[in-house]
Amino acid sequence: MMRNKVVSGGRGTACTGQSLRTLVSIMESRLFFKRFLSLPGQVGSFVPSSRRLARAMVAEMRPDPGLPLVELGPGTGVFTRALLDAGMPAERLLLIELDATFAAHLRATLPGVRVIEADVAKLPRIAAEQGLGPVGQMLSGLPFRSMPPRVRRRVGAAVAQSLADGGRLVQFSYFPIPPLPPEVAQEHRMAGGVSRFVAANMPPAFIWRYEKKNPSP
């Protein structure tokens, strides 16, 4: 009888679900911190992004569930889960993650989502190999401001080159300074600016929204 009450009780189920989410969050925070200690410049922060930042990123993205969406630098998958919660089909998502530990974690915890362990600088080739062509929507957690200038330009150019005309890139940064190098944005017709500030994150974050202009006739 007791087992029947626990299984059918809505509050018990809710508590169990909340406890599981809390446990997963703690485990992912530990994993993130360990990877930060190993590769601070590549990871960019010692804690994962908050769920509030993730929801704000998805709100700025306004993802179209009928089109592919590429996520860059997903880490432990905080933004990915927010995309799935917003109705984005798992089979429409393509995650590009450089870190092997994060990539393995994503594959284990996000069944049905394609995860490519690779450098985002190779994004044009990856998109072609995956049959995507120019991508209409990208969401990025890449730590552009932590990259050496030459790497930032190379990665930024690969991202901008892979975005379709009229496509949207949503990127967060801890600084009110453009994450994409201005010369890269100008060369690839990327117009953007700060669209939202999220204080409920560690550190607080600025959300940048870029759109690729159509070429002049």
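If you take the residues of region 46-86 that are among the charged types (D, E, K, R) and assigned to a helix (DSSP H, G or I), which of them is surrounded by the most Cβ atoms within 10 Å (Cβ to Cβ)?
Among those that are among the charged types (D, E, K, R) and assigned to a helix (DSSP H, G or I), it is Arg81.
To keep it simple, each residue is scored yes or no on (1) part of a loop (DSSP other than H, G, I, E, B); (2) under 20 Å from Ser49 (Cα atoms); (3) touching a residue at least 40 places away in the same chain (Cβ under 8 Å).
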{"position": "Leu142", "(1), (2), (3)": "yes, yes, yes"}
{"position": "Arg150", "(1), (2), (3)": "no, no, no"}
{"position": "Val155", "(1), (2), (3)": "no, no, no"}
{"position": "Gln161", "(1), (2), (3)": "no, no, no"}
{"position": "Gly167", "(1), (2), (3)": "no, no, yes"}
{"position": "Val170", "(1), (2), (3)": "no, yes, yes"}
{"position": "Pro178", "(1), (2), (3)": "yes, yes, no"}
{"position": "Ala185", "(1), (2), (3)": "no, no, no"}
{"position": "Ala191", "(1), (2), (3)": "no, no, no"}
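Kindly establish whether Met138 is within 17 Å of the chain's Cα centre (by Cα), at pLDDT 95 or above and buried (at least 16 other Cβ atoms within 10 Å of the Cβ).
Values: within 17 Å of the chain's Cα centre (by Cα): yes; at pLDDT 95 or above: yes; buried (at least 16 other Cβ atoms within 10 Å of the Cβ): yes.
Considered against the rule, which asks whether it is within 17 Å of the chain's Cα centre (by Cα), at pLDDT 95 or above and buried (at least 16 other Cβ atoms within 10 Å of the Cβ), Met138 comes out as yes.
Select from region 108-126 the residues that are modelled with pLDDT under 95 and assigned to a helix (DSSP H, G or I) and write down the one among them that is farthest from the chain's Cα centre (by Cα).
Ala108
Residue check, Thr76 against (1) within 22 Å of Ala164 (Cα to Cα); (2) touching a helix residue (DSSP H, G or I) at 6+ places or on another chain (Cβ under 7 Å), all met but one. Which one?
(1)
For region 71-127, give me each residue that is of a type in the set (Val, Ile, Thr) and touching a Ser or Thr at 6+ places or on another chain (Cβ under 7 Å). It would help to see each step written out before you state the result.
Just the residues of region 71-127 that are of a type in the set (Val, Ile, Thr), to begin with: 76, 78, 80, 96, 101, 109, 113, 115-116, 120, 126.
Correct list: Val78, Val113.
For residues in region 178-193 being within 13 Å of Pro149 (Cβ to Cβ) and of a type in the set (A, V, I, L, M), which is surrounded by the fewest Cβ atoms within 10 Å (Cβ to Cβ)?
Val184
Of the residues that make up region 198-211, is at least one within 19 Å of the chain's Cα centre (by Cα), among the hydroxyl-bearing types (Ser, Thr, Tyr) and buried (at least 18 other Cβ atoms within 10 Å of the Cβ)?
Yes.
Scan region 88-95 and tell me whether some residue there is closer than 21 Å to Ser195 by Cβ and touching a strand residue (DSSP E or B) at 6+ places or on another chain (Cβ under 7 Å).
Scanning region 88-95, I find at least one residue that is closer than 21 Å to Ser195 by Cβ and touching a strand residue (DSSP E or B) at 6+ places or on another chain (Cβ under 7 Å), so the answer is yes.
Scan region 103-125 for residues that are closer than 27 Å to His188 by Cβ and of a type in the set (Val, Ile, Thr) and jot them down.
Within region 103-125, Val115, Ile116, Val120 qualify.
For region 110-138, give me the residue count where each residue is in contact (Cβ under 8 Å) with a residue 60 or more places away in the chain and under 17 Å from Gly75 (Cβ atoms).
The number of residues fulfilling the criteria is 1.
Kindly establish whether Ala103 is in a helix (DSSP H, G or I), closer than 19 Å to Met202 by Cα, small (Gly, Ala, Ser) and free of Cβ contacts under 8 Å to residues at least 60 places away in the same chain.
The answer is no for Ala103.
The values are calculated or read from the model by the stated rules, or taken from the named source; none is laboratory data. Just so you know, these numbers come straight off a predicted model, no measurement behind them. With ideal geometry, Cβ positions are generated from the backbone for all residues, glycine too; neighbour counts draw on all protein chains shown.
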